[in-house]
1. Quick check on residue B:346: is it out of contact with any Cys (no Cβ under 6 Å at 6 or more places or on another chain), without any contact (Cβ under 8 Å) to a residue 40 or more places away in the chain and part of a helix (DSSP H, G or I)?
2. Does any residue of the stretch C:156-175 turn out to be surrounded by 12 or more Cβ atoms within 10 Å (Cβ to Cβ), at the interface with another protein chain (Cβ under 9 Å from one of its Cβ atoms), of a type in the set (S, T, N, Q) and more than 30 Å from residue A:64 (Cβ to Cβ)?
3. How many residues does the stretch C:121-175 contain that are within 25 Å of the chain's Cα centre (by Cα), in a helix (DSSP H, G or I) and aromatic (Phe, Trp, Tyr)?
4. What pairs come out if I take residues in the stretch B:595-618 that are polar (S, T, N, Q) and pair them with residues that are not in a helix (DSSP H, G or I) whose C-beta lies under 7 Å away, six or more apart or interchain?
5. Do you know which residues across the stretch B:142-198 are touching a residue at least 24 places away in the same chain (Cβ under 8 Å) and touching a strand residue (DSSP E or B) at 6+ places or on another chain (Cβ under 8 Å)?
6. So, in the stretch A:87-98, how many residues would count as being facing chain C (nearest Cβ under 7 Å), assigned to a helix (DSSP H, G or I) and either more than 13 Å from residue C:83 (Cα to Cα) or touching a residue at least 60 places away in the same chain (Cβ under 8 Å) (or both)?
7. Need the failing condition index for residue C:86 against (1) more than 22 Å from residue C:21 (Cβ to Cβ); (2) outside the structural domain of residue C:18 (by TED's automatic domain parsing); (3) crowded, with 17+ Cβ neighbours inside 10 Å, just the number.
8. How about the stretch B:123-177: which of its residues are out of contact with any Asp or Glu (no Cβ under 8 Å at 6 or more places or on another chain) and farther than 28 Å from residue B:12 by Cα?
Amino acid sequence: MDNILPSYLILGAILFCIGLYGALAKKNAIIVLLSVELMLNACNLNFIAFAKYGPVPSLNGQIFSLFNIAVAAAEAAVGVAILIALFRQKGTSDVVDMDSMRH
Amino acid sequence: MESTYAQLAWIVPLAPLIAFLILLAVGRQLNRYSAHIGFIASLVSFIFSILILIERLGEETNYTWNDWDWLSVGGLSLQMGFEITNLNALMLVIVTGVSMLVNLYSAGYMKNDDRIHVFFSYVALFTFSMLGLVISENILELYIFWELVGVCSFLLVGFWYFKPEAKAAAKKAFIVTRIGDVGLFIAILLLFWYMPGHQLSFSAIHNALSEGAISSGIVTLIAILIFVGAIGKSGQFPLHTWLPDAMEGPTPISALIHAATMVAAGVYLVAVTYPVFEASATALTVVAIVGAFTALFAATIGIAQNDIKRVLAYSTVSQLGYMMLALGIGAQVAGIFHLFTHAFFKALLFLAAGSVIHMVHKQNINEMGGLGKRMKITAWTFGIGALALSGIFPLAGFWSKDAILAVAYDENPLYFAVGLIAAFFTAFYMARVFFLVFAGKPRTPYEGQEPKESPAVMTIPLILLAIMAVVAGFVFTPFNPWLGEWLGGAAEEHVNWTVMILSNVVGLLGIGLGYLMYKKGSIARDAVSSRVPALYNLVHNKYYIDELYQLIVVVPLKALGDLLSLFDRYVVDGVVKLAAGSALYVGRLGSRLQNGQLQGYGLVSLVGILLLMVLLVGRRFFHVG
Amino acid sequence: MIDNLLDFLSDGENIVFAILAVIMISSSVFMISFTKVVHMVVSLALVFLSAAGLYVLLEAEFVAFVQVLIYAGAITILMIFGIMMTRHDKQDEEPKRPFYNVLLFVGAFALFGVIFFAIQDTTFAPSYGFEPGLDNTREIGLLLYREYVIPFELVSVLLTVAFIGSIVMAKREEE
């Protein structure tokens, strides 16, 4: 194949969908957070692939993926903090039990 | 202008209608004074009817007013209005006269009833309907009033609705006459279809049929269907079963509706559409046969009944049979004449019976006796009525029955024989009732107060009717056929002495037999019934016709009704419940989504995004492909 | 099809890509199918590492380095801390919601299908040369401090807010 870009993109898509499945199907909140990280990773892969093989190759894609990593880290930290607080409150880290948003 | 009173003929039904409305509104407050309202209204109508009749004695042409466009559809319009002919004018007097006397009588009879105002309002409504029927200008208008009269009969028969027999009788009356009404309705439809210009007025029918505008097969069909309607309303065989049961209503009603007026509506219908019958010999034969059969049939049942009102009811059925027989053999004038006289003496008999019932609170003639001494006026008037009904010279019944029998003698000896035998039975059962009720000694003791004569409000109508029963016959005798000329045109001039003598003899024989069996006791009461009990049971149980109808008609229809109600409950309701249930189910399903589970919400969002993507973007691709 | 595959694998770069891709995908599948949480974290770390490898292949060395440092290092450890703090003695049993899981699987697969279809349908313009420069770090630094200074500062503010916030939230309630 001349163009390897579609392969990268498809790889990214696969990772994203697996991450999506994990985020919506798992019971443990930690695992949901892990799946979210996986999804963000897939996006990064996309950016960097386009940075090299896209129509206008430049380093912008890499810059953006750096910012993405920063935001992902911040979000993971805050997420774990929330999870710990919730665990103290409810005694379980089960997402099924976090249902005060009903009705 | 010539027809001054005929122009105002609309006042005649209007007065009772106003009385009805007044009684509907303030009847409860008026209470006993409702009787006054009813009587005044009927008196007003009666006076106007007399004026119209007097005016019509000199008139040649009918007065018609049909300027009210009731229904205009497409190019077709149905008029409503009224018409005054000689026949109408006579009927008006009959109806208003009997109604006025019944109103007066009921003031006394219904005095202690709580719902007296309801009673008088129904009577006023009935009078309005019957008068409207009589002056109808076209057959559709007549049908409207026909139905209204049926409703009033239902209301009045079921007046004491807390009695289950009265409820059942009212339903029976309405349903059985309804069967006849369907025939009449189909006849109206056929007339509408086949009449040139879709005209329905009686004058148009008369013209169209004298020109032969409708083919003979259709005319026969129409005539027979009209007669079916008359069978229902006038209680001819086989739709006679409702009339005896209708005796559950108050006795003044039986006098007004089931003796003088509503049941005469059937006869009037045939008379007013007579051109249709004249154009079809088959139809006339059917009418005559049904009439003759009913006359004999009902008379035989009457001799074995023990309730005084039932005897009179079967007598009414029998006399209506005579009227139909007269119409069927072409003696239209004789039939109307018999209707005229019958109205008076049958109303008289019913009111006298009511007077007796009012005093002794019993209806079984075997439990009465010896009332002649105590209730002189009632006894005398009842006797006059009974003699008139039996056709004894020179009372009214003799002349009218003689007119019918004379024509029957010329037409067909079979009809004459049947009429004669029925006359014998008529005389016999009337004598039986008279002697058992008024003569001899009381068979059972009368509880409570000693029976004495009824109050004047009740006896005055009796006396007036008795006078009419004596003199009314003289308007149409073979020696003086004035009524024939005035009503029908042609005059029958010849006098048939054979018939006159034979009918008198037969009547006297019947009375004599009744005297021997019930007063003197020379022949035992159960002379026939003990030897041939089967015969007695047959007539006493009305030839088991009611039971037959129950088996053949009522049971299958009820089963069908039950089946259909099951269908309604499970299938139709099931579908509705299904619709409601599925909406509920979908709602419940949807509400399970609102459970606070973020992951569920995420899934729904995912599905939504996918759908959006496919629908919005994919459209482009699928159009190309 | 086999010819295409063999053609593809003749290039060395492509072989490395293939290997790394396989590792990534299998690790992520393991991640969601393991039962114990710690195993899941380990496989996720493997995903991150192979992603870093791919970045190197894509001539983004600095990003690869940052990936290893932050993702495979900090975030993985953070998750393990999270697991430690929210101790659960019993095994993680997944709730039996077969209908939901099937629908979700179908949904995720459909999403993948749509993206795949979109990718297949696109004709990518041939890229005209990528000039990464000799030193990737230097280039990125230049870009960051010249053109993307403001986002850079904003991200630092964001990180500050994030760590202050998480401290506040995870703090034990003082008497």
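1. It is false that residue B:346 is out of contact with any Cys (no Cβ under 6 Å at 6 or more places or on another chain), without any contact (Cβ under 8 Å) to a residue 40 or more places away in the chain and part of a helix (DSSP H, G or I).
2. Scanning the stretch C:156-175 turns up no residue that is surrounded by 12 or more Cβ atoms within 10 Å (Cβ to Cβ), at the interface with another protein chain (Cβ under 9 Å from one of its Cβ atoms), of a type in the set (S, T, N, Q) and more than 30 Å from residue A:64 (Cβ to Cβ).
3. Of the residues in the stretch C:121-175, 2 are within 25 Å of the chain's Cα centre (by Cα), in a helix (DSSP H, G or I) and aromatic (Phe, Trp, Tyr).
4. B:595/A:99; B:595/A:102; B:597/A:99
5. Within the stretch B:142-198, B:142, B:198 qualify.
6. Qualifying residue count, the stretch A:87-98: 1.
7. (2)
8. Result: B:161, B:162, B:164, B:167, B:171, B:175, B:176.
The values are calculated or read from the model by the stated rules, or taken from the named source; none is laboratory data. Because the structure is a prediction, the values reported are computed rather than measured. Using ideal geometry, Cβ is built from the backbone for each residue, glycine included, and neighbour counts are taken over all protein chains shown.
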